[in-house]
1. Hey, if you put +1 on the Cβ of every Lys and Arg and -1 on every Asp and Glu Cβ in region 178-217, which of S198, A179, A210 ends up farthest toward the positive end of that dipole?
2. Could you state the orientation-averaged shadow area of the convex hull built on the Cα atoms of region 42-103, in nm² to one decimal?
3. Please compute the length gained on full extension between L58 and R141, using 0.36 nm multiplied by the number of residues separating them and subtracting their Cα-Cα distance.
4. Would you work out if region 71-217 is rounded, prolate or oblate? Take a ≥ b ≥ c from the square roots of the eigenvalues of the alpha-carbon gyration tensor; rounded if a/c is under 1.5, else prolate when a/b is larger than b/c, oblate otherwise.
5. Highest first, please rank the peptides 183-193, 106-116, 132-142, 198-208 by the mean number of other Cβ atoms sitting within 10 Å of their residues.
6. What does the charge count near R119 come to, summing +1 for each Lys or Arg and -1 for each Asp or Glu among other residues with Cβ under 14 Å from its Cβ?
7. Could you order the peptides 63-69, 98-104 from most to least packed, using the average number of other C-beta atoms within 10 Å per residue?
8. Ranked from highest to lowest mean number of other Cβ atoms within 10 Å per residue, what is the order of the peptides 171-181, 84-94, 144-154?
Amino acid sequence: ALASGFAIADLHHAVGHDRPNISLHQKVTRLDRIQNAFFRGPGDAPGCFALESAMDELAGAPGMDPIELRLRNEPDRDPTRGTRFSSRYLREAYGIGAEAFGWSRRALAPRATRVGRWRAGQGMAAARLPTISIPAAVKLRLYADGSATIECNTNELGAGTSTAQIQAAAQRLGLPLAAIRFLHGDAETGKTRIPGASAATSSVGAAVKAARDNLVR
């Protein structure tokens, strides 16, 4: 049975540590249909698409280069918290992308370029994937024959967790990949969450690094 009804919730929340002009608006509309949402993977893409589309419209109003608009507003700190970024190379990415795609040579007017009977255009957008770190534990064993094993409670969903951690351990220990085994699902090791949202690569990898340092000591 479908529940009938229609409602709009208008939520407004102003944020900003040193950027008082930042505000977030969210409107929720209840409809008799399946919710439109992301399918697997990172859910950031739909939000980034809306934000980047709005940035393009903002750049178009004064006739500004969309990349120039983004560069002028690129922060050196998190504008909502005032904290420093652990890493952020968006300026460099803009430059590399613009050079690779001949951005400066594009036609500025919309619908000005044709490829055969098709109209062609060039656009740009930025997206992000946050690095999530969660508690993780591993046991790292180094054997006399030069091989090593990594034991971890996490599971393998087919996303390459085992391969990534073998690569991490090989780099840390200076061993070939073939000399390392990753034993997942080890209940005797400390609790580690499932490798969702790309969290295992960074989280278990950090545990491998810490285990390697302890092993060397």
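Any read-out appearing in this document is the output of simple, stated calculations on the displayed coordinates, not a laboratory observation. Source: prediction; values computed, not measured. FYI the Cβ positions are ideal-geometry reconstructions off the backbone, even for glycines, and counts take in every protein chain you see.
1. A210
2. 5.4
3. 24.3 nm
4. Cα axes put region 71-217 in the prolate bin.
5. 198-208, 132-142, 183-193, 106-116
6. Once positives and negatives cancel, what remains is +4.
7. Details: 63-69: 14.6, 98-104: 11.4.
Top of the packing list down: 63-69, 98-104.
8. Values: 171-181: 14.2, 84-94: 11.2, 144-154: 17.4.
Packing proxy ranking, top to bottom: 144-154, 171-181, 84-94.
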